[in-house]
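Shown next, in structure tokens, is the structure this report addresses.
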Amino acid sequence: MTHLQAGLSPETLEKAKVELKENPDTLHQDIQEVRDMIITRPDIGFLRTDDAFILRFLRARKFNHFEAFRLLAQYFEYRQQNLDMFKNLKATDPGIKQALKDGFPGVLSNLDRYGRKILVLFAANWDQSRYTFVDILRAILLSLEAMIEDPELQVNGFVLIIDWSNFTFKQASKLTPSMLRLAIEGLQDSFPARFGGIHFVNQPWYIHALYTVIRPFLKDKTRKRIFMHGNNLNSLHQLILPEILPSELGGMLPPYDMGTWARTLLDHAYDEESDYCPESYTLSVKDLEKDLSPKTMKRSQSVVEPGVLKRPEKVKSEEENMQPLLSLD
């Protein structure tokens, strides 16, 4: 094990080896292979090329060198093409701060059974008079930048749950195709995170209509990991145990405090500019590391109360479990 794998638990080390093809013996060579490709894109300013940074892109693309480099290039290209969006990318920015306080995103304290961090969005909380959809996207990207520093999450990834309860048609009308495409490009095509599932619950008909608009921009892999649960929270609980979910999602925990994650970022002053980043869009996370480390994250417990949900004796891999429950195809 190299120093680059020092933050990984034995369980996650094995997962990285089996699922991602991560080999400690060739890790530095893999990183250098990606770094050597930078010369092929002189049009892009690669503002960070250290080993730890490149490693997260390799993990996101299962150590396919070419795909990892393409993601790295798209990461910086997206920022170059949307400079205004990345100016003052700080938790203290007024629009971002308000979006965070309204739970965009919310971040649950417990990990799921696969060690993934769960992000929750309660769509109806969007106060369109105070901040824009772009502010929400900025808040999500800022949050992911903080969390992706954790090597455990680089390997295990994330799950996103969007609750559309009470989301009005008027609110939905503000979600233009260009805005939705901006979000897809930023999250699917340009960020080194592994998303194991995107779950829609309580979605009205017009969200289905929006899905048909964005569907052509989604990769096949992404489409296969979008689950439309509607009002059937039992189907959500088959994939994410109710013990780690708030009551709004039919879980056993108290209602989610929307300001929890906002306080985490604000309390730790997650707004420091780094030396390699102009326009304040890449930030220091030294103060956050202790909160985001594997030691402070709790995996969901395997014990399930009788009559609630029976877990299989052997948990299947995420690829086996992640089959769409309701397809819009």
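The values are calculated or read from the model by the stated rules, or taken from the named source; none is laboratory data. Because the structure is a prediction, the values reported are computed rather than measured. Neighbour counts are summed over all protein chains in view; Cβ atoms, including those assigned to glycine, are modelled from backbone coordinates with ideal geometry. Just so you know, the surface numbers come from the protein's heavy atoms only, side chains and all, with ligands and any DNA or RNA stripped out. Shrake-Rupley method; radii C 1.70, N 1.55, O 1.52, S 1.80 Å.
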For residue 25 and residue 43, compute 0.36 nm times the residue count separating them, minus their Cα-Cα distance, and round to one decimal in nm. 3.2 nm
What order, most packed first, do the peptides 101-111, 249-259 have when packing is the mean number of other Cβ atoms within 10 Å of each residue? 101-111, 249-259
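On a full-extension model of 0.36 nm per residue, what is the gain between residue 252 and residue 218, subtracting their alpha-carbon distance, rounded to one decimal in nm? Provide the component values of the computation, followed by the final result.
Details: separation 34, 0.36 × 34 = 12.24 nm, distance 3.30 nm.
That works out to 8.9 nm of additional length.
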Among 55, 39, 86, whose Cα lies farthest out toward the positive end of the dipole of the stretch 37-97, if unit charges sit on the beta carbon of Lys, Arg (+1) and Asp, Glu (-1)? 55
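Averaged per residue, what accessible area in Å² does the stretch 1-133 show with a 1.4 Å probe, protein chains only? Show your work: numbers first, answer last.
Working: 5750 Å² over 133 residues.
So the stretch 1-133 comes to 43 Å² accessible per residue, rounded to a whole number.
Measure off, as a whole percent, the carbon and sulfur share of the 1.4 Å-probe accessible area of the stretch 49-149, all protein chains present.
Of all accessible area on the stretch 49-149, carbon and sulfur atoms account for 46 percent.
Put 190, 129 in order of accessible area, largest first, 1.4 Å probe: what do you get?
Values: 190 5, 129 105 Å².
Ranked list, largest accessible area first: 129, 190.
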Subset of 17/62; 21/62; 62/219; 90/174; 62/221 violating a 18 Å alpha-carbon distance limit: 90/174
Estimated distance in nm for a label pair at residue 127 and residue 32, the labels positioned 7 Å out from Cα along Cα-to-Cβ: 5.4
With the label point 7 Å along the Cα-to-beta-carbon line of residue 235 and a cut-off under 14 Å to each amide N, the hits in the stretch 174-199 are 198-199
Given the C-alpha centroids of the stretch 73-106 and the stretch 165-226, what is the distance between them in whole angstrom? 18
